[in-house]
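Take a look at the structure set out below.
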Amino acid sequence: MDIFKRIDGFLIRHLWMIDLEGAGRLRSLLIKVLRLFYIAIKELLEGELNLRAMSLVYTTILSLVPLLAVSFSVLKAFGVYNQLEPILLNFLAPLGDKGYELTDKIMRFVENIKVGVLGSVGLALLIYTVVSLIKKIEDAFNFIWRIKNPRSFARRFSDYMSVLLIGPVLIFSAMGLTASIMSTSLMKNLTSIEPIGSMIFYAGKLIPYLLVCAAFTFIYIFIPNTKVRFRSALVGGLFGGILWETSGWAFASFVVSSTKYTAIYSGFAILILFFIWIYISWLILLIGAQISFYHQYPNLLTMKSPSVTAGNRLKEKLALSIIYLIGLHHYENRKPWSLDDLVSYLRVPVELLVDVMEILKKRSFIAETSDEPPLYLPLRDIDTIKLKDFFRSIRETEETVTPMEQQIPKIEEVEKVLSEIDRAMETALGERTVSSLLRKS
């Protein structure tokens, strides 16, 4: 344990104690990349992402056949359902010969499901199972992005079903178009010409990487219930896609050399390897999301630890800063603030800002719009929000009267000091409102 602490201390000294403003551009970029990977690996070792990945494995096993059944039904209506088996086979390719066997069994299950004879209740349960899988994925991504509010039921249903119904058709249409282009006579003639033929050959090898990276990028943009910048999603998508393809090669080598597992587990070996590969896939997907998060919020990389415990004074300062900024933009008819804008301006961790904004929303000081991403406006007239009432409301948000508090004996000296503090605050603030701060600015 001591050696790990020493390594951790060494990395912290050499990554976080360096002044990036004084460093060169290339060195500054390298340090930021190292900080990014350091925090991502540290959070992975802390175990939360592992637990999320394990939970998704369980949900995937329950939802895999219904998910493929829905996709199969949609693709069958468009006449491209034959593309489903090659995609599944490609996903299970790291399992080697066992991947072919498992693909065959899963496709038999899917083909035996007659969606038309399920009835309304059976069809509803089938769709619910599929939607629950995507909800579980959204919960994991919202955890990474420090988002506490999931999509509403109406948005969840419309967004998820649009992806489930339209997504497979678009994906397989793109793959079919690519295959058609590669099989044209013009392309065949070009492959016989060097160096164009070699370029086309290597481009064909590169296409699987590009497709996986594009899929990862789309997931990182669509799934979290927040605005993810394309550049950040692309960084995570490239990292996750390349890591997933590379892990597939490594896992395939492991499967080839795992004959002892077949001897021990017999027929269960294929299921165990299948579970392990699904776990690795989910873990890589979550790690890529973590990379996207820290790329979008690089201010978190300046801290030794991404988790911050806010005291009452910090919460009060943040709450007043937020209501001031939101009120100022509203007062001057400027564009309302979004969460990303506030995080960038105030330079605080997004989870801390979300906590304080939840307090302001709960106390009806601010409201969020239905825009994507949401924008924030004052919910009350800023001329009527007295500063003394504002501070008292923020302080009392998380307070509850419990029998234990009632049992605490009242000490005259203590009660006197608390009363003096309250009177001092009311005297200092008087009848000043939030709008009085805006007029001064």
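Just so it is clear, none of the values below were taken in a lab; they were calculated from the coordinates. Because the structure is predicted, anything quoted here is derived from the model rather than measured. Don't worry about glycine lacking a Cβ; one is built from the backbone with ideal geometry, like all the others, and counts go over all protein chains shown.
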GLU412 to THR369: FRET efficiency via 1/(1 + (r/R0)^6), r the Cβ-Cβ distance, R0 51 Å, to the nearest 0.05? 0.55
Amide H neighbours of LEU375 under 5 Å, at least 5 residues apart or on other chains, H built in the peptide plane: list them. THR369
Going down the list LYS105/LYS136; LYS136/LYS361; LYS135/LYS362; LYS98/LYS227; LYS227/LYS317, which pairs span over 29 Å between their C-alpha atoms? LYS98/LYS227
What ranking, highest mean first, results for peptides 134-142, 428-436 when packing means the other Cβ atoms within 10 Å averaged over each residue? 134-142, 428-436
Could you compute Rg(Cα) / (2.2 N^0.38 Å) for segment 312-440, with N its residue count? 1.20
Whole-Å distance linking the alpha carbon centroid of segment 359-394 with that of segment 233-253 is 43
What nm value, rounded to one decimal, do you get for the distance between VAL256 and ASN333 when each label is placed 7 Å out toward the C-beta? 7.0
